[in-house]
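The values are calculated or read from the model by the stated rules, or taken from the named source; none is laboratory data. It should be emphasised that the depicted structure is a prediction, and the values quoted were computed from it without experimental measurement. Please note: Cβ atoms are built from the backbone with ideal geometry, for glycine as well, and neighbour counts cover all protein chains shown. Keep in mind that these areas ignore ligands, DNA and RNA; they rest on the heavy atoms of the full protein, side chains included. Shrake-Rupley method; radii C 1.70, N 1.55, O 1.52, S 1.80 Å.
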Amino acid sequence: MKILILNGPNLNLLGTRETSIYGNQDFNSFFEELKSKFPQLELEYFQSNVEGEIINKLQEVGFTYEGVVLNAGGYTHTSVAIGDAVKAIVSPVVEVHISNTFSRESFRHQSFISPHAKGVIIGFGLESYTLALKNFI
């Protein structure tokens, strides 16, 4: 079962960026842990700070992979285009966020992805990805 984990802007800085919110672990080492936890899944990881690249990746895998775990970062709250891409593909998308977006600034309370996602997992740190992947087992 092929699953893409797709991270948006600034998530390449995990482990160094605002560690009080996002923690001390970088995503590449966490991704290795996920692959060990879920050997039955064929996991792929892609990160981009560029909106169009995120849309291109969704379109590339969205008709052949069994699922996508998407943390669009700040684009969650601003990108109608990423929301439209999630709506256009057939692969189920689980939206994840490391922090509890509802306990942060009010602009983070809106998501253009949530209405088109299979589900949303918010606020469990990096464990949000683990919870999302359990959906595909």
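Brief remarks on what is shown
- 10 Å Cβ shell holding at most 12 others, DSSP loop, GluC sites (Glu not before Pro): longest site-free stretch of the chain: 19-104
- Largest to smallest accessible area among K57, K87 [probe 1.4 Å]: K87, K57
- Calculated mean residue ellipticity, 222 nm, the chain: -8500 deg cm²/dmol, from DSSP H runs (n ≥ 4) at -39500 (n - 2.57) each, averaged per residue and rounded to 500.
- Remark: the stretch 77-86, residue by residue, has Karplus-estimated 3J(HN,Hα) of 9, 10, 9, 4, 5, 5, x, 5, 5, 4 Hz, where x stands for each Gly or Pro and the curve is 6.51 cos²θ - 1.76 cosθ + 1.60 at θ = phi - 60°.
- Subtracting the Cα-Cα distance of N135 and N24 from their residue separation scaled by 0.36 nm leaves 37.4 nm.
- Using Cβ point charges alone (K and R +1, D and E -1), the dipole size of the stretch 1-111 about the Cα centre works out to roughly 180 debye.
- Förster radius 22 Å - calculated FRET efficiency between T16 and E44, Cβ distance, rounded to 0.05: 0.40
- Whole-percent pair-distance distribution, where bins are 10 Å wide, for the alpha carbons of the stretch 1-52: 23, 48, 27, 2
- Solvent-accessible area, 1.4 Å probe, carbon plus sulfur percent, for the stretch 4-130: 51 percent
- Amide H contacts of Y45 (H built 1.01 Å from N, under 5 Å, at least 5 apart or other chain): I5
- Using a probe of 1.4 angstrom and keeping all protein chains present, the accessible surface of the stretch 12-101 works out to 46 square angstrom per residue.
- Rg/Rh for the chain, where both radii come from Cα atoms and Rh is the Kirkwood radius: 0.93
- For G67, residues with placed amide H under 5 Å, excluding near neighbours: L4
- Local electrostatic count, P9, Cβ distance below 13 Å [Lys/Arg +1, Asp/Glu -1]: -1
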